[in-house]
Amino acid sequence: MAFDKVKTILNQLTHEHKILLRKSEELEKELEQNFSTETIDKVLKFIEEDVGEHARVEEEDLDKAIEEAGITEFDIEALNFGHRTLDEIAEHIKYVASLYKKGKKEYMGKDIKTELIKSVKLFFSTLKDHFTEEEHFFFPDILKYDLERFE
């Protein structure tokens, strides 16, 4: 049944939220305690690969499953908007990291290490807020369409 596929994907995404948040907390702590090019690379890899794949599943797989289940009232773009915000912060982190790797000490008059840590913290707190929004608003909103069919 098409709606079961939607529920399965939502359960998978919710489970991944916990894993991604735990890893983001570990990386944030590591960045603060052991600021290095290696740690920055770990953060960038996590953002690009782990968070990127998670967003892809939401934007592509979930969207397709919602469509197959005949849920036409849910606006997937509302969910994707949060991804664009995260993408913008990630681009800033990549840019500042590239300056740091070139040996720059400052970014717009501020210490570059401080700017990188601040930006990574912003990304991770925005990620947490986005996951909360999905779990408390978007995902229940998607699931309500199954309940409405039996009313």
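Quick notes
- Of all positions in the stretch 81-102, none carries a residue that is open to solvent by 50 Å² or more (accessible area, probe 1.4 Å), more than 23 Å from T39 (Cα to Cα) and of a type in the set (D, E).
- Scanning the stretch 71-80 for residues that are surrounded by 16 or more Cβ atoms within 10 Å (Cβ to Cβ) and either part of a helix (DSSP H, G or I) or modelled with pLDDT of 95 or more (or both) yields I76, L79.
Residues are listed down the side, and each one gets a yes or a no for (1) of a type in the set (S, T, N, Q); (2) within 11 Å of the chain's Cα centre (by Cα); (3) modelled with pLDDT of 95 or more; (4) within 25 Å of Q12 (Cα to Cα):
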{"position": "E48", "(1), (2), (3), (4)": "no, yes, yes, yes"}
{"position": "A65", "(1), (2), (3), (4)": "no, no, no, yes"}
{"position": "E106", "(1), (2), (3), (4)": "no, no, yes, no"}
{"position": "K128", "(1), (2), (3), (4)": "no, yes, yes, yes"}
{"position": "E133", "(1), (2), (3), (4)": "no, no, no, yes"}
{"position": "H136", "(1), (2), (3), (4)": "no, no, no, yes"}
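- When E68, E38, E28 are checked against the criterion of being open to solvent by 20 Å² or more (accessible area, probe 1.4 Å) and free of Cβ contacts under 8 Å to residues at least 60 places away in the same chain, a single residue qualifies: E38.
- Qualifying positions in the stretch 83-104 - over 18 Å from F46 (Cα atoms) and in contact with a strand residue (DSSP E or B) (Cβ under 7 Å, 6 or more places away or on another chain): L99
The values are calculated or read from the model by the stated rules, or taken from the named source; none is laboratory data. Just so it is clear, the structure is predicted and the values come from calculations on it, not from any experiment. Reconstructed Cβ throughout: ideal geometry from the backbone, glycine too, with neighbour counts over all protein chains shown. In case anyone asks, the SASA skips ligands and DNA or RNA and just uses the protein heavy atoms, side chains included. Shrake-Rupley method; radii C 1.70, N 1.55, O 1.52, S 1.80 Å.
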